[in-house]
Amino acid sequence: MLFDIVHTSGTVVYFVFVILFWWMSRVPRTDPGAGWWACALLSMASARLLLFALEGIATPRTVTLTYAAFICLEKILFVLGLIRFLKLGIRDRWIFGPAALMGLWTGVAWLTPASLSAYSIGLTAFNAAALAFAAACCLRQRHAVSGRLILVTALVSGVLALHWTTFPLAFFQAHWRIIGLAIGSALSLVLYLSLLANVLQQLQHRLLDAEAHALELAYYDPLTGLNNQNYLGKLFEQALLLATRPHHFVAVFYIDLDNFKPINDSAGHRTGDEVLKAVAQRLKACTRSTDISARIGGDEFIVVATQLEQNAQIDLIARKLLARLSEDITIEGAAYTLGASIGISLYPAHGTSLTALIEAADAAMYQVKYHGKHGYAIHGRDGPRGAEAASAA
């Protein structure tokens, strides 16, 4: 009666795990190990069902050998799934070789009158070796797989390998048949539960990585790594909090590169992209950690200078930017000369929103373009300051 209860409950739980692993294998980008483990559990559940189906129909020897064959198949599928989950790079033939030997051993036991106790030695060695191999692989790859759950898999595999060494006792002590089966079933369930937890954890990490990548695409320019216009508004709100301190104000620098289009047209877009990357690095080098640098499209950039206390700082920053952006940029041995037209607006003198400040800075930038490029102008003030301003930096 107890034997039937153990088998029935174990079979039901195995089928539940089969469904869970199969479902996980259908999730996009899930490690392929989940599908192999679903097949492994299906083999184990089938072995349990065959015990009931063959009872009273086949001889005890046939029932035992059939059950053993499905259990060996389960170990093969389990190891193949683990190899793929851990990305070990072990070729399948190294697993199929021992599996073929075990199949041959089972065939010999089926066709000859050799005692089952002798056959159990080979069965024990095969299953214990497969589980010990799995435990060693998990320990070896514990740093490559995120989380500590893989250590649980290693531990349970090792304990289950030791448990398998007691399998021959079932042929000499009848009570061990039930006790050993109950312990083995419990350990197997814990083993596959740990594997399911590992798959779920891997999926969780991938979802978090995908979310982080999506946020990066949403807030950062993929080419230059600078903030993009979407994120600029959020950062500007934070900058305004700093500007509320006494005597502090914020300046918006609208930067449009000079002579970039000819470089892009003559040298190609690939070179143009490298030039834009170099410009982005120079903007980062010219600004403070409290300032904001962003690319808003094409060859247009914005720098938001925060925590300014004196108007002289505006001219100093503009001259520094002009001087740095006028230096040659070398790409694959060829030097390219740019310049910049910079329009500047101030908060709150020229607007209280980012949109208004960008429009004011853009209007000032066009004044610079109109008067010959390569200079800077502050919105609402007398004409732009040209290239000589940069030489004074």
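Computed values, structure above
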item	result
For the range 120-145 and the range 244-300, distance of Cα centres in Å	57 Å
Accessible heavy-atom area order of I76, I179, I342, highest first, probe of 1.4 Å	I179, I76, I342
Dipole axis of the chain (+1 Lys, Arg; -1 Asp, Glu on Cβ), positive-most option in I329, F126, Q204	F126
Stretchable slack from K369 to Q204, in nm (0.36 nm times residue separation minus alpha-carbon distance)	54.3 nm
Other-chain or far-sequence residues with amide H under 5 Å of S353's (modelled H)	none
Inter-label distance, nm, simple model (7 Å from Cα along the C-beta direction), R148/F52	4.0 nm
Probe 1.4 Å, all protein chains present, accessible-area order of S289, S188, largest first	S289, S188
Protein-only accessible surface order, largest first, of F260, F96, F133 at 1.4 Å	F96, F133, F260
Listed values (i) 1.15; (ii) 1.07; (iii) 1.33, entry calculated as Rg/Rh (Cα atoms, Kirkwood Rh)	(iii)
Heavy atoms of L217: accessible area, 1.4 Å probe, square angstrom to 10	100 Å²
Longest to shortest principal axis, alpha-carbon extents of the range 186-291, angstrom	72, 50, 21
Partner aspartates and glutamates for K75 [C-alpha distance under 14 Å; skip if fewer than 8 residues away on the same chain]	D92
Point-to-point label distance, E211-I178, nm (Cα→Cβ direction, 7 Å offset)	4.9 nm
Cross-link partners of K87 among aspartates and glutamates (Cα-Cα below 19 Å; sequence separation of 8 or more within a chain)	D31
Surface per residue (accessible, 1.4 Å probe) for the chain, Å²	50 Å²
Length-normalised contact order of the chain in % [C-alpha pairs under 8 Å, at least 6 apart]	10 percent
The chain - charge dipole about Cα centre, Lys and Arg +1 at Cβ, Asp and Glu -1, debye rounded to 20	1340 debye
L155 - accessible surface, heavy atoms, 1.4 Å probe, Å² rounded to 10	120 Å²
Per-residue SASA entry for D328, accessible area with 1.4 Å probe, Å² rounded to 10	80 Å²
With every protein chain in place, the chain: carbon and sulfur % of accessible area (1.4 Å)	63 percent
Length-normalised contact order for the range 44-97 - Cα pairs under 8 Å, 6+ apart - percent	32 percent
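The values are calculated or read from the model by the stated rules, or taken from the named source; none is laboratory data. Computed from a predicted model, the values in this text were never measured in an experiment. All Cβ positions, glycine included, derive from the backbone under ideal geometry; neighbour counts span all protein chains shown. Remember, those area values only see protein heavy atoms, side chains included, never the ligands or the DNA or RNA. Shrake-Rupley method; radii C 1.70, N 1.55, O 1.52, S 1.80 Å.
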